[in-house]
Amino acid sequence: MNSSIVLTVVSDDRPGIVETLSEIIADHGGNWTESSMLSLAGKFAGILLVHVPETQVSSFVEALEDLESGGIHIVAQRSDVPSITNADSEYSFDLVGQDRPGIIHDITEVLAKHGVNVQELETTAQSASMSGESLFMAHARIFVPPEVRLEELQDELEELANELMVDIELEA
């Protein structure tokens with residue numbers, strides 16, 4: 001029997017971090033199934049889901065803890081919750097507009113009010129090509145509960161988009 005373990009990883013960015021993690025997972029008979037990793041401000045940050053045989057969990061976690069002395073900080077948490085895979089309630093969400101503090105808070109406040117679960121969120125700010133102003137972009141994968149009226153959610157997001165002067169698209 002395998003255990004699902006979610007790992008969050010933070011370290012100074014340098015070559016070899018991902019290889020080190022993959023080696024420990026392989027050495028313990030584990031399977032790397034999902035991940036998202038990137039470099040931010042000179043730091044490596046990642047989150048990943050691994051499946052490790054139950055008999056290997058303790059030694060696997062100990063091996064991860066040993067990485068702390070090398071500056072790789074890892075939090076390992078078991079999960080017995082299966083991933084949500086109902087495609088009928090999965091939507092893609094895109095936002096583009098002039099950057100300003102609070103955009104994500106304003107959007108997620110509307111989503112939370114409707115019980116929408118943010119599964120993935122990627123954001124970036126970059127210089128707009130014509131004006132040179134800071135342009136904020138966000139892409140999210142969200143799950144909308146079946147009891148939520150999608151039209152009502154879209155109306156509220158469009159109203160907020162007008163207030164924030166951003167473009168928001170919600171697609172199935």
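What is the residue count in segment 145-156 for residues that are within 24 Å of the chain's Cα centre (by Cα) and either among the basic types (Lys, Arg) or not assigned by TED's automatic domain parsing to the domain that holds residue 112 (or both)? Selection size over segment 145-156: 0. Looking at residue 74, is it modelled with pLDDT of 95 or more and β-branched (Val, Ile, Thr)? When the stated conditions are applied, residue 74 passes them. The number of residues in segment 122-147 that are among the aliphatic types (A, V, I, L, M) and out of contact with any helix residue (DSSP H, G or I) (no Cβ under 8 Å at 6 or more places or on another chain) comes to 6. Counting only strands (runs of 3 or more DSSP E) that sit wholly inside segment 53-128, those with at least 1 residues that are free of Cβ contacts under 8 Å to residues at least 60 places away in the same chain and over 15 Å from residue 140 (Cα atoms) are 117-127. It is to be established whether one or more residues within segment 129-145 are among the charged types (D, E, K, R) and not in a helix (DSSP H, G or I). Within segment 129-145 (the criterion being among the charged types (D, E, K, R) and not in a helix (DSSP H, G or I)), the answer is yes, since at least one residue qualifies. So how many residues does segment 1-39 have that are part of a strand (DSSP E or B) and either closer than 18 Å to residue 61 by Cα or under 19 Å from the mean Cα position of the chain (by Cα) (or both)? Count: 19. Scanning segment 23-69 for residues that are closer than 12 Å to residue 7 by Cα and of a type in the set (Phe, Trp, Tyr) yields 32, 60. Here's a check for you: in segment 129-144, which residue that is touching a residue at least 12 places away in the same chain (Cβ under 8 Å) and more than 26 Å from residue 113 (Cα to Cα) is farthest from the chain's Cα centre (by Cα)? Once the filter is applied, the top-ranked residue is 133.
The values are calculated or read from the model by the stated rules, or taken from the named source; none is laboratory data. As the structure is a prediction and not an experimental result, all values here were calculated from the model. As a convention, Cβ positions derive from the backbone with ideal geometry for all residues, glycine included, and neighbour counts pool all protein chains shown.
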